[in-house]
Each structure stands twice: as C-alpha cells, then as structure tokens.
1. Condition check: over 20 Å from residue B:291 (Cβ atoms), at pLDDT 80 or above and surrounded by fewer than 14 Cβ atoms within 10 Å (Cβ to Cβ). Does residue B:76 satisfy that?
2. Of these, C:176, C:209, which one is buried (at least 22 other Cβ atoms within 10 Å of the Cβ) and touching a Phe, Trp or Tyr at 6+ places or on another chain (Cβ under 6 Å)?
3. If I go through the range B:246-272 residue by residue, how many of them are among the small types (Gly, Ala, Ser), over 12 Å from residue A:151 (Cα atoms) and within 11 Å of another protein chain (Cβ to nearest Cβ)?
4. State whether one or more residues within the range B:180-190 are touching a helix residue (DSSP H, G or I) at 6+ places or on another chain (Cβ under 6 Å) and either without any contact (Cβ under 8 Å) to a residue 12 or more places away in the chain or among the β-branched types (Val, Ile, Thr) (or both).
5. So how many residues does the range A:177-194 have that are in a helix (DSSP H, G or I) and closer than 23 Å to residue A:294 by Cα?
6. Would you tally the residues in the range B:64-101 being under 16 Å from residue B:271 (Cα atoms) and either of a type in the set (Gly, Ala, Ser) or in a helix (DSSP H, G or I) (or both)?
7. Cβ-Cβ below 7 Å, separation at least six or inter-chain, first residue in the range A:175-204 and of a type in the set (S, T, N, Q), second not in a helix (DSSP H, G or I): which pairs?
8. Given the criteria without any contact (Cβ under 8 Å) to a residue 60 or more places away in the chain, within 13 Å of chain C (Cβ to nearest Cβ) and not small (Gly, Ala, Ser), does residue A:259 qualify?
Amino acid sequence: MQRWEYLLKRLFLAIVVLFSISLITFFIARVLPSDPAAAWVGPRPTQEQIAKATQTLGLDQPLYVQYWRYLTSLLRGDLGVSIKSRQPILTELKTYLPATLELVIASMIIGELIGLPLGVLSGAWKGGALDNFSRILAVACVSVPTFFLGLLLQLVFFARLKLLPISGRISNEIAINYPITPITGFYTIDTLIAGNWPAFQDVLLHLILPAITLAAFGLGLSIRMTRASIIETLNEKYILAARVAGLPRRTILFVLALKNAIMPTLNVIGLSFVYSLTGSILVEVIFSWPGLGQYLTNAVLSLDFPVIVSVTLVVTVFYVAVNLALDLIQAAIDPRVTLS
Amino acid sequence: MQGAPGIEVSPFVEPAPAATYSEWRLIWRSFRQDKLALIGLAIILVFILGAAFAPLLTPYPEQGRGDPNILEKFKPPSAAHPLGTDYLGRDVLARVLYGGRSSLSMGFLVVVIAVLIGVPLGAIAGYLGGWVDEIIMRATDVFMAFPSLLLALAIASALGAGFTNTMIAIAVTWWPWYTRLVRSQTLSLRERFFVEAARSIGLPGHKIVLTHVLPNVMTPVWVQATLDLGSAILISAALNFVGLGVQPPAADWGNMVSQGRLYFIDRPWFAGAAGAAIFLTVLAFNFIGDALRDAADPYLRRT
Amino acid sequence: MTELLTVENLHVVFQTYAGTVYAVNGMTFSVQPGEIFGLVGESGCGKSVACLAILRILPGHGRITAGRVLFDGHDLTQAKESEMQAIRGRQIAMIFQDPSTSLNPVFTVGSQIKRIIRHHTQASRQATEQRALELLDEVALPDPPRIMQAYPHELSGGMQQRVMIAMALASGARLLIADEPTTALDVTIQNQILELLVELRRHVGLSILLITHNLGVVAETCDRVGVAYAGQIVEIGPTSEVLHAMKHPYTQGLLAALPSAQQKGRDLLSIPGSVPNGLSVIPGCPFHPRCPHVMEVCRQTPPRLTAVNLGEAQHQVACYLYSPETAQ
C-alpha cells in the first residue's frame, strides 16, 4: 500500500536520474572537450585523420542525434571503445571491476565494523576517555589525504617493518606456483573456495594496507556521524520520558536510542561507500592495484575520454543503485517515512 | 524585533527569533573557549601568511616557482634547507610555501563559487516553490547522484588541465549541497511568524528574501562553508595528485606528493612535507568547523 | 498529616555560556496524598525545572544547590542514582507537555507500554499483554488492541497523551507529575484529559502535581494551588481561597490578564515589564520591578511566606502588603 507507492516513486525517480546522468556524461564526453575527434586520433593528428574520425564517431551529426546514438548504445551495453587500447570498454571494465569491488568492500567492512560501535559508545559516554580518543582518531582520519596515508603506511609497514607488501594483489611467486582459478574475480573468495591456502594468505596480506588506507576516511566519518546521531537522539524528549519511567540505562541506549540513531547511520554508510568508490582511485594508484581507479587515472593521463566517461557512468549507476537500496532499507525500518 | 509593529506582546506569547548580531556574539564566545578551534585558527593563519608572503619568507623564491637546482638534489633537511631538497634540488620549504598559494586558493575559490551559485538558487527554490523549485531540485538530484570526485575528475579532464579548469570542475560538483541547505532553511522560515508579518504589511517578495530570509539562512551556510574548506582542499589536492590541476614545474601540494611518490620510501621529506601540509591544513579547518557547529547549535552551546 | 511530597527551599542553577541561570530560588510546597496540587506560573518561572529536580533528571549543566525534597520521608536530593531508579516510574511518574515527542517514534505503542510493565512487574508475556490492554482501557482509549499495534504518529494528540498517562499508571506510581499536559492539545481535548486526571484521582487514589500556566485549568481541577514567580512560590493555598481572595499582586495580575466577558470592547490588560531571565538574582522581592504596590522594603529584603489571616494557616502569601511587620 503505502510502502509500494514509495518504492515505485523512488524507482521512477532513480530512472529519471539515470537518464539525466547519461545526458551529463554525454555532455562531458562530446561537448566539453575542445576537439574530441583529434583526441580520438591520438598525438599529432593530421587534418585527414581528424576528418575521418569525425565521420566515424558521428561527430558531424546534430547533437540530439549523437545523444540518441549514445543512449541506445548504452542501453545495449556498448560503452564504446578506448582510445588508447582500441578495446571495447565494457570488456576492460569487466576485468578491472572485481579488483576494485574487493578493495571497496574490504575497506567498508573495516570502517563500519570499527566505526559504528565506536561512534555509539563514544556518544553514549560523552566526554569520557573513549570519547576523547575516538574524536581525535576520527578527526585525524578525515583530515589526512588518502594518498598520503597510503604512502605513510607503505613507509612504515613495508620499508621499515618489512611486514606487508605494497604492490598489486598477489606476489609473482604465488601467482606462478599457486595459480588462482578466477570464479568471482574476488581473489580472497576464489582462493578460499579452491582451498588454495598459500595464495589466500598472500592475497589477504596484499589486501590489508590498501584496505586500511581506503577505510580511514570512512572510519572517521562513521565515528563522527554516529556519535552525533546518538548524542542528538539521547537529547530527545522520549528518551527523557523513558528515563523518567525508570527504564535501565542499558535498555535506553541499546534498544530505544539505537533504533532511532540508526537512520542517519544508513546515510553514513552511503557516504562512506561514495568515498570508498572515489578514494579507491587514489589508493589503486599508490598500491598499483589493478582496478578501475588505475584504469581511470591512466585514461586521464592519456585523455582517453570514452574511458573516463564510461567509468564515471558505470560507477555512478552503481552508486545510484546502492543509494536506492539504502533508502528502501530505511523506509522498511522507519515507520514514519514518506516521499519528501 | 518583537513581532510585527503595533501589536503589544502579552507575556504568554513566545518571543520572536533573536537578532542575528547577538547570536553571533554568543557563537563567538563559545568558539573562543574551544582550545582546538583556536589551535586550528592559528595553524590556518600561519599557512595563509606563509603562502601570501612566500617570496619574502624564503631565500629561494625561484626554486619555489619551479626552477631546478640539480646539483643540490635529494639533500635531507639541513640548516640551509630546513625541509631538504627535492628530486630536482629545489628547496622543499620554498616549494611548500608556493604550493600553499595554489592549494589554499583553489580550495577557497571552490567554496566561494559553490556558495555564490548554490545559495541564491536555494533561496529562490525555497521561496518561490512550484515548478521553479522542481527544476532546481531535479538539477541538484542529478549532480548529487554522481560521486563528487569522479564527476570533478571527468569534467576537469574534459576541460583540460590547469588551475582554473580544475577549480571550475570541483565547484560545479559542490553547489547542490548549498542549494539543498538553503532551500530547506528557506522553507522552514517561510512559515515563521515574522515572514507572514512582513508579507502582511506589504513588503515585496524580493525584499522579504533579502532582508528577512537570507540573513537567517546564512548561519548554517557559513558553518557549512568552513567545514567544506577542508574537504575542498582535499579534493583539489587529490585532483592535482592525479595529474590535473596545476602542472609542474609550478608547485601545488597535491602534485608535489605525486612527484615525490616514487622516492618516498628512501627520501620521504619532499612528498612528506607537502602531505603533512595538506593534513595540517585540513585538520585545522576541521577543528574550526567542529567548534563552529557546536557553537551554532543552541542545545550544545549551553554547556 | 503526612504529606506525600514536600519540596523545601529548593534552589536549582544552570551553568550556561551566558552565565549562571538561577532557575529555582527557594521553592517550597507540598502535595498531600490523594490531592491534585496545581503549580501555576508563566514560562520561565522554574516550575518545570523544579519537577526535573524532584526526579533528579536535570540536564548535565543543572544542579540542585540547596533545599530538600522529601518523599515518603526520604530526601531525594541525597538519594543515590540506584535509589532514584527505583523511585522513577514505580513511585513517581511524570508526563510532559507535548505527547508527540514523548513517545518513541519507531516502536509501537504496545511495545513501549509493555516494556514498562515488564520492567516494573516482571510479569509473564500474557499477563503483560493483558495489563497493557487494561491500562489503555482505563484511560478511556477506544479499541485498545488497535492502539497497541499503532505507531505514535498514527494517533491524535489527545490519544497520545492518554497513552502517556497509561504508561505512567503502568508502573503503579502514587504520584503523577504532569507538566502542562494539555497545553499542546486542542481545547476540547484539554477538558477530556483533565477530566481523566480527576477521575483517576478519584478511582485509583493517584496524587497529582499539575503544572500549568492556565488559571482556568487550576480552577477546574486543583484542590490546592501554588503560584510561582521567578523560581519562588509567592502565594499558596486551597484553590477557592487563592482564586477568590487572591492576595499577591502577581496573582491578581494573572487573573486580570485573562480575557473575560466583562472586558468586551476594552483593551486586554497585561502586566507591564517581562519575566526575569534568571541570569541575575533580583534583590528583595522578585516581583518588585513590575509591582504596582511596590514599597521600599520590597526592594531590600525578600518577603517570606506567611499566613494571610491568623485563622487560616493554609493560605499563605509572600508579600509585604500582608505581613505583620508593615502595617498597610
């Protein structure tokens, strides 16, 4: 009834947003750059080559025709071809995506498993030792540039302590001696399924530093926002009413307050996820992690617009889907939710 | 302001909202007591002054601007070069000072432009409502659907490298938040008593927005802008790190880290100094922003 | 006679950025078993703060600096938190002004009321369910099973306040502190809630400390009333006495400010000046800056509560107009 309405409305809104996104990416790819045809040809293009490229790419057509072709090919799953490698982008994306997803998921697990409880406890015992520690940790985590943190961790754990590797997803030795049979593309899962213990260990070690680096910002954000949310909830009249009714502190905090404070927490998870998605770009560069981020930064350096725009589009669509899911979860939990 | 002119206020009616001036005094007073905020303020001042007076503060201004000094390359920190020299022999302190000019100004300008675009749009959307509101809100929806860094990256690479292009690219991804903020503030204010009162005595729409609505919505905007300064500097540093933005040999904290990256393990001081500069600046803005937010919240302000 | 609750010379201060706020400055009153006592005064006179102090749930920056609160012979100001925990809900319950914010929005009404019952009685699940339905019935809510399944925002203001009252009864409290329970409700609903409270007093023997700024409410429901100004009681006594033979200039001003049929066509009267903000202690009588009968002594020394007439120890007023020292 009411919930179904909300679901449909949100879906509709999401679709509208997706169309608009495609408009904007089209705008960025075709309208903004000074000469897309020249970019397509490569360095030192001749007039002939530019003319030919203009025809091939359909750049001589009016804009709305170009957009239509762009949209229809998108819907077919054709993301175009990379200028640099001349390969279909979709194929390349498929090879790079799992690496990034593995990194992002690992970092979110670390960030939320530590950050959410820390934020709740911190806010509940505001002013205490744990609170002071968490606040300092949190502000440091959101202030340090991700790429710099990565370098620092490399310095400490690789150069000085010689504990953890800093490059790639797997060491060459292991890759040769204990090869991975890719099923999901998530090396941790694949090695676990195959029972390939040496490779599993190696892959896990390679995942640690990049995941922590990526987790830091989200961790700080989680602590800060959960803490603020709990403090605000604890100030509500209904919490006072519960105290006045004589309910024990533990119940008030972990049952009555928490369920209310969870709402903004879902927002936090959404924000952390955005951050992880985008931050992975920087982390992958630092740790030579073969994922979307590396793919993207290389494309930026070589002005490979089709790739830049496609990656942006795919990641954004993914992000929109995740946000939609979070909204729906929130609607399921909160009995007051209406479309605003 | 005690309600509309001409109506006696009986003791049982709630007082009208406090004047903005005395609100600010209270905010300042609570802010002053937050030690971290004061430290943050001090750090920012140091960096701003350092960046502003860079040519005067270092004996190596040309190196700061980019001229190499190959003979002295890779020197660790010493008396002559307090932060050492980088891979082209340039004094790192000078580079950090000059890099500050670029990083700080880009972050600041990004926020300024975002506010200039976002605030008026939000006020208009909130006050007028109707289809104007719808259009503006859909526009914010779309821009906010993108992860900011990604969108900025895409736009910046399409526009081309360079300070201005990157700055515009980031600002374009930033304005929707201000529009949303101002719009929701405007919506709640529109229903408040004193706006009704002003309308009832015949003040024209734009005057109401300017003199009554805007001053009251600006407080959270200023708080948000201060909080955003840190993030803006982080994002500009990230874009510079990736290769957009300011191009070498010009200095920017982001591209300094990028260039020093390969040498970091053995010779950490030049990437390290730039990275630390970014960290301290953002940390300082976060201290200030947190204190401002606590001070502006009437509940937290009481203790 | 033994009073149920006695508040003696209570002082409460708050530390704020703007300075120290003296919210309650020597409030003294008592509530007899089985009576409805009204504490009346304008916003900012300290009546709500006093109630929070009684239950020791002042916000962090508030402190009781002097005075005693006697309940059943124990001084609550000296009680440990564990002792207070046993008193809250079980002995003394409280309901607030706006019922929509007093109920937890993400839990059903049923789960909230059952939680309280279970905490105080440790009854079985069935017994708890039964008791909850009984309570909802006792506060005259229609269709209790449906109410149990509902979320707070699905109920009207009047229904929400009845639920709050049911929750207060759930723990078996002997004293109910009702902080402006009807102010946020429509006028017709106000009467219903007040009637309910009076009915509960009669039916269950509940004693009620009723906070309000509305003299009309006091007239209709309260057995005794205390008039509060700037954190002190300026006049106290049986309702009929105080309202018909009111002595304190402030009480007189309050009554005069109410619109009435006789005043048709004339300007509304209001007391000149405004309520003190509590940041400073006013020397002498706190009302003297606004009092039409102010005398020199009023500016110097605070007056104490003294009986109005020698024969009636019940009706007391703190005003030099009536004290034996100053002949009128």
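1. Values: over 20 Å from residue B:291 (Cβ atoms): yes; at pLDDT 80 or above: yes; surrounded by fewer than 14 Cβ atoms within 10 Å (Cβ to Cβ): yes.
Taking the combined requirement at face value, the residue satisfies it.
2. Working: C:176 fails: touching a Phe, Trp or Tyr at 6+ places or on another chain (Cβ under 6 Å).
Result: C:209 is the single residue among C:176, C:209 that is buried (at least 22 other Cβ atoms within 10 Å of the Cβ) and touching a Phe, Trp or Tyr at 6+ places or on another chain (Cβ under 6 Å).
3. In the first step, residues of the range B:246-272 are kept if they are among the small types (Gly, Ala, Ser); the result is B:250-251, B:254, B:258, B:260, B:271-272.
Checking the rest, the ones that are also over 12 Å from residue A:151 (Cα atoms) come to B:250-251, B:254.
Restricting the remaining residues to those that are within 11 Å of another protein chain (Cβ to nearest Cβ) gives B:254.
Summing the residues that are among the small types (Gly, Ala, Ser), over 12 Å from residue A:151 (Cα atoms) and within 11 Å of another protein chain (Cβ to nearest Cβ) in the range B:246-272 gives 1.
4. yes
5. Keep residues of the range A:177-194 that are in a helix (DSSP H, G or I), which gives A:177, A:187-194.
So of that shortlist, the ones also closer than 23 Å to residue A:294 by Cα come out as A:187-190.
Of the residues in the range A:177-194, 4 are in a helix (DSSP H, G or I) and closer than 23 Å to residue A:294 by Cα.
6. The first filter runs over the range B:64-101 and keeps only residues under 16 Å from residue B:271 (Cα atoms), leaving B:64, B:66, B:73-77, B:81-100.
Filter once more, keeping what is either of a type in the set (Gly, Ala, Ser) or in a helix (DSSP H, G or I) (or both): B:64, B:66, B:84, B:89, B:92-100.
Going through the range B:64-101 one residue at a time, the tally reaches 13.
7. A:191/A:180; A:196/A:178; A:196/A:180
8. Details: without any contact (Cβ under 8 Å) to a residue 60 or more places away in the chain: no; within 13 Å of chain C (Cβ to nearest Cβ): yes; not small (Gly, Ala, Ser): yes.
Taking the combined requirement at face value, the residue does not satisfy it.
The values are calculated or read from the model by the stated rules, or taken from the named source; none is laboratory data. These figures come from a predicted structure and were not determined experimentally. Here Cβ is always computed from backbone atoms with ideal geometry, including for glycine, and neighbour counts include all displayed protein chains.
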